[in-house]
Amino acid sequence: MKKIIILGATGSIGRNCLEVIRANPRRFKLVGISANRNIGRCEKILGQFRPKIAAISHPASFMRLKKAAHGRTSILAGEEGILEMIESLEADTIVSAIAGSAGLLPTLASIKKGVRIAIANKEPMVMAGRLITAAAKKSGASLLPIDSEHSAVFQCLNGEPEKRLKKIILTASGGPFLNTAYKKLEKVTPAMALKHPRWKMGAKITIDSATLMNKGLEVIEARWLFGVPPEKIQVLVHPQSIVHSMVEFEDTSVMAQMGMPDMKVPIAYALSYPDRLPAPCGSLDLLKEKKLEFFPPDTKRFPCLSLAYEALAKGGTMPAVLNAANEAAVEAFLEGRAGFLDIPKLVEQAISKASLRSDNKLENIIKAHKEGGELVRTLL
Ligand code: NDP
């Protein structure tokens with residue numbers, strides 16, 4: 001029986017993860033959860049899974065959850081509460097599924113425990129990939145990707161000689177505006193951008209998918225998870241989202257991982273690796289898929305992907321600046337304070353103005369994060 005903590009249990013990844021645990025009660029036991037403010041969902045999770053500890057970030061929500069827990073689950077409050085839960089609970093796997101940069105310190109605290117970390121929360125990898133991979137090496141923590149693309153790459157590399165890897169090919173659905181003319185992108189509203197054609201996800205990642213910033217963040221995540229330089233990471237648009245990603249080896253053989261677009265599949269794999277669990281969804285029927293298409297990404301209409309490569313090339317803390325600027329710009333877009341096309345413009349200005357620091361100190365990463373967000377807020 002593997003003991004699991006889910007950070008971000010009330011979110012889209014968190015809920016899928018709970019379904020995997022519910023379907024495999026003899027293999028997994030939920031011992032801890034964190035959330036921000038979704039008390040209703042927390043109460044349901046407490047009732048169904050009875051974890052030992054629940055940590056809730058939002059201070060006002062703490063007392064309500066404490067009452068609802070009837071003393072059966074210990075309730076901790078604030079970011080310190082999340083860190084305390086991670087430190088005090090014994091666990092085999094910690095699922096990192098908080099949205100955005102708020103997951104940085106919890107991810108680092110999880111890694112210190114030297115257990116398996118199932119990583120969905122890509123932003124900390126973007127901000128602090130060097131620091132995180134070094135910390136994992138030191139503690140012995142294993143980093144298993146949940147992101148479908150990185151899970152695909154991980155599966156393609158399984159048992160292969162890594163020195164023979166020629167390139168990683170990350171696929172992208174292209175998002176809801178794959179075929180929308182640039183002029184029309186000016187008029188995109190949050191409601192339009194929140195309708196992803198293939199995946200049901202949290203708001204921030206859905207907007208990132210629409211701008212292609214999500215793919216840029218994934219390029220940076222892949223750089224650190226697989227130790228591959230950016231010039232060996234290619235992106236192809238594949239609207240059907242059936243080929244989750246590919247790897248080419250020196251002998252030109254290309255390995256691809258395919259499957260139905262359902263996040264429960266990579267989540268179950270990250271929890272059960274090296275085993276595989278019975279399918280949580282229907283099988284892929286290739287005869288029903290009329291075609292599988294691949295296109296180069298259009299970085300003129302969607303410059304965020306190029307901006308991510310640029311930040312990675314600048315190195316140091318620039319990916320942290322990129323991430324913070326993007327978070328601030330997406331927040332402004334969702335609140336109606338910026339247009340869809342302002343997102344790449346704001347990020348571009350932030351990475352051209354920000355100072356470059358070395359990325360092997362946490363304090364530098366936090367400074368860069370603050371600077372990136374402040375630059376965008378000033379520009380707005
Ligand atoms: P959601 O927005 O659906 O969920 C986010 C979770 O984080 C919720 O539990 C939320 O709590 C919690 N949270 C939000 N803000 C804070 C905060 N400041 N402090 C502590 N907890 C917080 O996001 P997703 O599940 O879609 O995404 C989570 C991560 O996984 C992201 O980094 C995303 O890029 C990545 N990912 C997601 C995929 C998907 O299919 N959704 C696919 C691949 C990667 P509450 O609900 O209480 O507000």
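The values are calculated or read from the model by the stated rules, or taken from the named source; none is laboratory data. Because the structure is predicted, anything quoted here is derived from the model rather than measured. For neighbour counting, all protein chains shown are included, and Cβ atoms are generated from backbone atoms with ideal geometry for every residue, glycine included.
Is there any pair linking a residue in the range 8-29 that is over 15 Å from Pro51 (Cβ atoms) to one that is within 9 Å of the ligand (Cβ to nearest atom) and not in a helix (DSSP H, G or I), with Cβ under 6 Å and at least six apart or on different chains, and which?
Matching pairs, first to second residue: Gly11/Ala97; Gly11/Gly202; Ser12/Met201; Ser12/Gly202; Ile13/Ala97; Ile13/Ala120; Asn16/Met263.
In the range 294-324, how many residues are surrounded by fewer than 13 Cβ atoms within 10 Å (Cβ to Cβ) and under 23 Å from Gln240 (Cβ atoms)?
Total meeting the criteria: 2.
Each row is one residue, and each column tells you yes or no for (1) surrounded by fewer than 23 Cβ atoms within 10 Å (Cβ to Cβ); (2) part of a helix (DSSP H, G or I); (3) in contact (Cβ under 8 Å) with a residue 60 or more places away in the chain.
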{"position": "Ile207", "(1), (2), (3)": "no, yes, yes"}
{"position": "Ile220", "(1), (2), (3)": "no, yes, yes"}
{"position": "Val235", "(1), (2), (3)": "no, no, yes"}
{"position": "Val247", "(1), (2), (3)": "no, no, yes"}
{"position": "Pro261", "(1), (2), (3)": "yes, no, yes"}
{"position": "Asp275", "(1), (2), (3)": "yes, no, no"}
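A quick yes/no check of all residues on (1) closer than 27 Å to Met318 by Cα; (2) touching a strand residue (DSSP E or B) at 6+ places or on another chain (Cβ under 7 Å); (3) aromatic (Phe, Trp, Tyr):
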{"residue": "Lys166", "(1), (2), (3)": "yes, yes, no"}
{"residue": "Gly175", "(1), (2), (3)": "yes, no, no"}
{"residue": "Asn214", "(1), (2), (3)": "yes, no, no"}
{"residue": "Glu231", "(1), (2), (3)": "yes, no, no"}
{"residue": "Val254", "(1), (2), (3)": "no, yes, no"}
{"residue": "Asp262", "(1), (2), (3)": "no, no, no"}
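Restricting attention to the range 310-317, does a residue exist that is touching a residue at least 40 places away in the same chain (Cβ under 8 Å) and more than 23 Å from the chain's Cα centre (by Cα)?
Looking for residues that are touching a residue at least 40 places away in the same chain (Cβ under 8 Å) and more than 23 Å from the chain's Cα centre (by Cα), one finds none in the range 310-317, hence no.
Pull up the range 161-205, narrow it to residues that are within 15 Å of the ligand (Cβ to nearest atom) and basic (Lys, Arg), then point me to the one that is surrounded by the fewest Cβ atoms within 10 Å (Cβ to Cβ).
Filtering first and then ranking leaves Lys195.
Filter the helices (runs of 4 or more DSSP H) completely within the range 58-117 down to those with at least 1 residues that are of a type in the set (A, V, I, L, M, F, W, C) and more than 29 Å from Ile207 (Cα to Cα). Spell out how you get there, then give the answer.
Values: elements: 59-69, 78-88, 104-112.
Result: 59-69, 78-88.
Please state which one of Leu178, Leu144 is touching a residue at least 60 places away in the same chain (Cβ under 8 Å) and either part of a helix (DSSP H, G or I) or within 30 Å of Gly339 (Cβ to Cβ) (or both).
Criteria check complete, one pass: Leu178.
Checking the conditions here, which among Leu83, Leu105, Leu7 is within 17 Å of the chain's Cα centre (by Cα), surrounded by fewer than 24 Cβ atoms within 10 Å (Cβ to Cβ) and within 24 Å of His369 (Cα to Cα)? Steps first, answer last, please.
Details: Leu83 fails: within 17 Å of the chain's Cα centre (by Cα); Leu7 fails: surrounded by fewer than 24 Cβ atoms within 10 Å (Cβ to Cβ).
Result of the check over Leu83, Leu105, Leu7: Leu105.
Anything in the range 323-353 that is without any contact (Cβ under 8 Å) to a residue 40 or more places away in the chain and either part of a loop (DSSP other than H, G, I, E, B) or in contact with a strand residue (DSSP E or B) (Cβ under 8 Å, 6 or more places away or on another chain) (or both)? List them, or say none.
Glu335
Kindly provide the set of residues from the range 35-53 that are within 12 Å of the ligand (Cβ to nearest atom), of a type in the set (Gly, Ala, Ser) and surrounded by fewer than 20 Cβ atoms within 10 Å (Cβ to Cβ), ordered by number.
Gly40, the sole residue that qualifies.
Can you find a residue in the range 308-316 that is touching a Gly at 6+ places or on another chain (Cβ under 6 Å) and modelled with pLDDT of 95 or more? Spell out how you get there, then give the answer.
Applying the first criterion (touching a Gly at 6+ places or on another chain (Cβ under 6 Å)) to the range 308-316 yields 308.
From what is left, the residues that are modelled with pLDDT of 95 or more are 308.
So far as the range 308-316 goes, yes, one or more of its residues are touching a Gly at 6+ places or on another chain (Cβ under 6 Å) and modelled with pLDDT of 95 or more.
Which of the numbered conditions does Ala256 fail, given that it passes all the others? Conditions: (1) of a type outside the set (S, T, N, Q); (2) touching a residue at least 60 places away in the same chain (Cβ under 8 Å); (3) under 28 Å from Leu346 (Cα atoms).
Against the list (1) of a type outside the set (S, T, N, Q); (2) touching a residue at least 60 places away in the same chain (Cβ under 8 Å); (3) under 28 Å from Leu346 (Cα atoms), Ala256 comes up short only on (3).
Report yes if some residue within the range 124-135 is among the hydrophobic types (A, V, I, L, M, F, W, C), within 13 Å of the ligand (Cβ to nearest atom), part of a helix (DSSP H, G or I) and over 21 Å from Asn364 (Cα atoms); otherwise report no.
no
Condition check: touching a residue at least 12 places away in the same chain (Cβ under 8 Å) and either of a type in the set (Gly, Ala, Ser) or part of a helix (DSSP H, G or I) (or both). Does Leu356 satisfy that?
no
Here is a list: Ile94, Ile56, Ile75. Which entry is under 25 Å from His369 (Cα atoms) and either more than 9 Å from the ligand (Cβ to nearest atom) or in contact (Cβ under 8 Å) with a residue 60 or more places away in the chain (or both)?
After applying the criteria, what remains is Ile94.
Is it the case that the range 287-296 has a residue that's touching a strand residue (DSSP E or B) at 6+ places or on another chain (Cβ under 6 Å) and modelled with pLDDT of 95 or more?
Within the range 287-296 (the criterion being touching a strand residue (DSSP E or B) at 6+ places or on another chain (Cβ under 6 Å) and modelled with pLDDT of 95 or more), the answer is yes, since at least one residue qualifies.
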